[in-house]
1. Determine whether Val293 is part of a strand (DSSP E or B), touching a strand residue (DSSP E or B) at 6+ places or on another chain (Cβ under 9 Å) and of a type outside the set (Ser, Thr, Tyr).
2. Given the structure, is Pro197 surrounded by 14 or more Cβ atoms within 10 Å (Cβ to Cβ) and either in contact with a helix residue (DSSP H, G or I) (Cβ under 8 Å, 6 or more places away or on another chain) or acidic (Asp, Glu) (or both)?
3. Can you go through Val256, Val245, Val228, Val262 and tell me which one is out of contact with any strand residue (DSSP E or B) (no Cβ under 9 Å at 6 or more places or on another chain) and among the aliphatic types (A, V, I, L, M)?
4. Output the residue which, of all residues in segment 271-290 that are assigned to a strand (DSSP E or B) and either open to solvent by 60 Å² or more (accessible area, probe 1.4 Å) or among the acidic types (Asp, Glu) (or both), is nearest to Pro230 (Cα to Cα).
5. Just for segment 166-182: of the residues that are in contact with a strand residue (DSSP E or B) (Cβ under 7 Å, 6 or more places away or on another chain), in contact (Cβ under 8 Å) with a residue 40 or more places away in the chain and surrounded by fewer than 20 Cβ atoms within 10 Å (Cβ to Cβ), which one is nearest to Ser226 (Cα to Cα)?
6. Are any residues in segment 202-216 closer than 15 Å to Val246 by Cα, open to solvent by less than 50 Å² (accessible area, probe 1.4 Å) and more than 49 Å from the chain's Cα centre (by Cα), and if so, which ones?
7. Working only within segment 217-256, note down all residues that are open to solvent by 60 Å² or more (accessible area, probe 1.4 Å) and within 16 Å of Gly299 (Cα to Cα).
8. Taking the stated definitions as given, is Gly219 in a strand (DSSP E or B) and on the phi > 0 side of the Ramachandran plot?
Amino acid sequence: MKRARTLRRGSARSVDLVAAAIATVLLGWASTADVARAQSCGPPGSSSSSDSGGSDDSESSNSGGSSDSSDDSWGDDSDYGGSSSSSSGGGSSTPACTDRTDVTGFEDCTRFGREWNAMWPALRFEIGPSFRRLSLSGLEVGGTTYHDGNPYRFFLATDDLDNPSALTAGVNLRFTVPLFDNFLLGAEFDVASGNPPEGAVSDGDLSLRITDVETIGGGLVAGVVSPVGPLRFRGEVLAGGEAVVVTTASHLGDCVSEDTDVVTRYRLEPRVGIEFFVGRYVSFDVWGGVDVVNQGSYGGGLRINLHTRAYDAVR
């Protein structure tokens, strides 16, 4: 009987131990679930309402509230550099571009260096070498020359020469003003001299030959500028005139006499050019054009351009 009572007491103790262990596990699981529910409402530090007994409705309400708060914090425009209704210090900044139409790409944007790049008026000083095939076709020179003290009348038509053209080289100088973003207007001046045309003609006892050709010209320039990346493509027209200084040598036996004539004529020259900036205030351009008034005359050159405004204030 004692042995049986002892076994019963041992079994009861075993049952009590097992029950205590199960209770401990259940309590630990319940506390873990409460902690999980408490932490599932959002990041630490967020405001949450009191939990009324841990019901599902309360949990979903708390969770939804914390999600809205989180979304609002992430959706603030100030986090992404956007505009906000309040500003610190009371200062206001001018937007880079303002939409005035529903068409994409037609914004009204501020010009490059608007604040600091307007100290001087927009001017360009351009200078460089120029080359030209100068047609002398249609020119007529003549006058009076002297040989051994005796006067002789002479007349020379350049069309009677073997090749009534001359290759000249000189300097091209001009001042231009950028207008708006895509136009320019200015004045140009150039001087040049070159090799005389080939051939000689006879006039009675005289043999006539052109020995020197010089030109002085200029006019007004108007053009259109189209920026493409670092380059600017230009189309322009020079309208003006030129003076052609022709020196004629007359030969009579061993005696040589020279006479100089100045012939003026109009000049209308459409051109194209490409400009490349090597700094804010310095650029180079290559250009070429054809004179449509004096058929057969064409030329081109290279210029260095100095700007009073960075990039002409068009970037």
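The values are calculated or read from the model by the stated rules, or taken from the named source; none is laboratory data. Worth saying up front: this structure is predicted, and the values here are computed from it rather than measured. Here the Cβ positions follow ideal geometry from the backbone for every residue, glycine too, while neighbour counts run over all protein chains shown. These area figures cover heavy atoms from the full protein model, side chains too; ligands, DNA and RNA do not enter into them. Shrake-Rupley method; radii C 1.70, N 1.55, O 1.52, S 1.80 Å.
1. Details: part of a strand (DSSP E or B): no; touching a strand residue (DSSP E or B) at 6+ places or on another chain (Cβ under 9 Å): yes; of a type outside the set (Ser, Thr, Tyr): yes.
No.
2. Values: surrounded by 14 or more Cβ atoms within 10 Å (Cβ to Cβ): yes; either in contact with a helix residue (DSSP H, G or I) (Cβ under 8 Å, 6 or more places away or on another chain) or acidic (Asp, Glu) (or both): yes.
It is true that Pro197 is surrounded by 14 or more Cβ atoms within 10 Å (Cβ to Cβ) and either in contact with a helix residue (DSSP H, G or I) (Cβ under 8 Å, 6 or more places away or on another chain) or acidic (Asp, Glu) (or both).
3. Details: Val256 fails: out of contact with any strand residue (DSSP E or B) (no Cβ under 9 Å at 6 or more places or on another chain); Val245 fails: out of contact with any strand residue (DSSP E or B) (no Cβ under 9 Å at 6 or more places or on another chain); Val262 fails: out of contact with any strand residue (DSSP E or B) (no Cβ under 9 Å at 6 or more places or on another chain).
Within the list Val256, Val245, Val228, Val262, the selection yields Val228.
4. Of all residues in segment 271-290, those assigned to a strand (DSSP E or B) come to 271-277, 282-290.
Next, from what is left, pick out any that are either open to solvent by 60 Å² or more (accessible area, probe 1.4 Å) or among the acidic types (Asp, Glu) (or both): 272, 274-276, 284-286, 290.
Numbers: Val272: 17, Ile274: 10, Glu275: 9, Phe276: 6, Phe284: 12, Asp285: 12, Val286: 15, Val290: 26 Å.
Per the criteria, the residue is Phe276.
5. Taking segment 166-182 first, the residues in contact with a strand residue (DSSP E or B) (Cβ under 7 Å, 6 or more places away or on another chain) are 166-179, 182.
Checking the rest, the ones that are also in contact (Cβ under 8 Å) with a residue 40 or more places away in the chain come to 166, 168-178, 182.
Subset that is surrounded by fewer than 20 Cβ atoms within 10 Å (Cβ to Cβ): 169, 171, 173, 175, 177, 182.
Details: Ala169: 29, Val171: 26, Leu173: 22, Phe175: 19, Val177: 15, Asn182: 6 Å.
Only one residue tops the list, namely Asn182.
6. The one that is closer than 15 Å to Val246 by Cα, open to solvent by less than 50 Å² (accessible area, probe 1.4 Å) and more than 49 Å from the chain's Cα centre (by Cα): Leu208.
7. Val237
8. On the way: in a strand (DSSP E or B): yes; on the phi > 0 side of the Ramachandran plot: yes.
Answer is yes for this residue.
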